[in-house]
Amino acid sequence: MSDCLFCKICEGEIQGDIVFESDDVLAFNDVNPQAPVHIIIIPKKHISTVNDMTDADELVMGKLFSAAKIIASQQEVSEDSYRLVVNCNQKSGQTVFHIHMHMLANRNMTWPPG
Ligand code: AMP
Ligand code: ZN
């Protein structure tokens, strides 16, 4: 998508602080971190929200979790704790409409989230 921020990061049009890349998945540090570790994990394919997923996207969405596991190990938070968050639509807090998973770690977190 030509006007999508995260597609532009995938295409190198906007620079991302990339921490992980595979054929299908990209991960980069969040520009406005809400925790000492705050990483955005995305499929390279543009999918706007969870509501826009098709059955064909199940594989790549599974790969986001596999990437999260690898990144947690790289960030040395696997043995401690981390939180994975996917917002869907505005009231949940979604501001970038390219599906993404947040990884947050290295601080105490509350439940339920705000
Ligand atoms: P959400 O609010 O769930 O849509 O998450 C979007 C996230 O993208 C926010 O945490 C933003 O801080 C982050 N973000 C926005 N622009 C950039 C950027 N250029 N590079 C990295 N993260 C970004
Ligand atoms: Zn996109």
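Looking only at the stretch 9-27, decide whether some residue is more than 16 Å from ligand 2 (Cβ to nearest atom), surrounded by 16 or more Cβ atoms within 10 Å (Cβ to Cβ) and modelled with pLDDT of 95 or more. The answer is yes; a qualifying residue exists.
Does V96 fit the bill of being without any contact (Cβ under 8 Å) to a residue 40 or more places away in the chain and of a type in the set (A, V, I, L, M)? So V96 fails the test.
The values are calculated or read from the model by the stated rules, or taken from the named source; none is laboratory data. Keep in mind the model is a prediction, meaning the values are calculated, not measured. Counting neighbours? That spans all protein chains shown, and the Cβs are built from the backbone with ideal geometry, glycine included.
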